[in-house]
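Right, one structure below, let's go through it.
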Ligand code: SF4
């Protein structure tokens, strides 16, 4: 089998165990990175504080979220819940409502749960070290390292996609980042590289460098302080590094939502299954694994049996990390809800009540398109 460019390169550097050590002195890497950061850092609201509550909040919001999208959420959360005590006191529904639109709602539920843990078990003070922070709900290695370094000056490196990319390119690492054990390798390397004097700045610098300079598709190599040392640049491997062999499979799900209306009221319920959108409100749902039509849906589903309308809405696409949802909506007028719907918590809600309920963005899009919500 022909070797890829990356495999060829790996073969040549594997012969030299001290490659990374010899290639770019660690101190030099850290110094250069900090220098770059001092010149290029963005002025972000959470960069003016060391308060572990605020650092934690910003890190949870920024997981899977772009900075520009995350800023208003961070500001709203700080305004509404200025301390971990106020967040712990809130209801889960209020937290989900404020989170609405950010997606990955498990983060919001964990956020609330973690605030309760910090208040109940730690008198409202976040643990001051990586190991204990990691024991809290929703705090993984990345977030624990960010809080431990920024708030408590611990030299523990953050490792995420940005860090994989920066280190893999500069040091010419061709390990497959879709393998779990590769993360340990990068974590160990990063912990050797991290500045012991300024671990807080180092972690923010490497995140920032990956997010704004060493970009996935078009890295800014021409104006990069590492361009003479960077293996990806000197060997033209920017598109090869980091190596990711396994692609995550995306599952398609077909949602047929039935909007049951009674005058201006609409039937909704809180999702309680172990599935996406736990705790959010949606409509009666018939789900299929293949595209369906109204006739088939009627045959399979009692509630749809008497539906006369043949008007299925257009398809609404909604992309989640590993799922693609393809949703259509059917409107039905009913004055009373069937017993099986009442049993699982369906109720009629007025428009002003619906406004206040936490809802998935997909549902919100439909309600706005139909003019039910503004
Ligand atoms: S030279 Fe290019 S690939 Fe290398 S670190 Fe700089 S931006 Fe990234």
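Computed from the coordinates by the stated procedures, all read-outs in this text should not be read as laboratory data. Note that this is a predicted model, so its numbers are computed, not measured. Cβ: placed from backbone, ideal geometry, glycine included. Neighbour counts: every protein chain shown.
With just the Cα atoms of the range 177-259, tell me how far they stretch along each of the three principal axes, in Å, largest first.
58, 31, 28
Report the paramagnetic label zone for residue 129: residues of the range 50-93 whose backbone N is under 19 Å from a point 7 Å from Cα along the Cα-to-Cβ axis.
Label zone hits: 52.
What does the convex hull of the Cα atoms come to per residue for the range 113-227, in Å³? Don't skip to the answer; put the middle values down first.
On the way: hull volume 13.2 nm³, N = 115.
Expressed per residue, the convex hull around the Cα atoms of the range 113-227 is 114 Å³.
Roughly what % of Cα-Cα distances in the chain sit above 26 Å, to the whole percent?
Across the chain, Cα pairs with separations above 26 Å total 60 percent.
Between residue 86 and residue 368, what is the label-to-label distance in nm when each label sits 7 Å out along the Cα-to-Cβ direction?
So the two model labels end up 2.7 nm from each other.
Roughly speaking, what is the centre-to-centre gap between the range 94-147 and the range 310-359 when only Cα atoms are used, to the nearest Å?
30
Could you please state, rounded to a whole Å, how far the C-alpha centre of the range 39-91 is from the C-alpha centre of the range 188-267?
20
Considering just Cα atoms, how many Å³ per residue does the convex hull of the range 172-312 enclose?
Taking only Cα atoms, the range 172-312 has a hull volume of 239 Å³ per residue.
Under a point spin-label approximation (7 Å from Cα along Cα-to-Cβ), what is the residue 302-residue 184 distance to one decimal in nm?
5.3
Normalising by the residue count of the chain, find the relative contact order in percent from Cα pairs under 8 Å and 6+ residues apart.
16
Given the chain, what percent of its DSSP beta bridges are antiparallel, to the nearest 5?
The antiparallel proportion sits near 55 percent.
With each pseudo-label sitting 7 Å past Cα toward Cβ, what's the residue 48-residue 356 distance in nm, one decimal?
Going from the residue 48 label point to the residue 356 one covers 3.3 nm.
Once every Cα of the range 276-374 carries one equal point scatterer and solvent is ignored, give the base-10 log of I(q)/I(0) from the Debye formula at q = 0.13, 0.18 Å⁻¹, two decimals.
So the normalised log intensities are -0.52, -1.07.
What length, rounded to one decimal in nm, is gained on full extension from residue 79 through to residue 293, with 0.36 nm per residue of separation minus their alpha-carbon distance?
On the way: separation 214, 0.36 × 214 = 77.04 nm, distance 4.64 nm.
Extra length from residue 79 to residue 293 when fully extended: 72.4 nm.
What is the order of 352, 151, fewest Cβ neighbours within 10 Å to most?
Listed from fewest to most nearby Cβ atoms, that is 352, 151.
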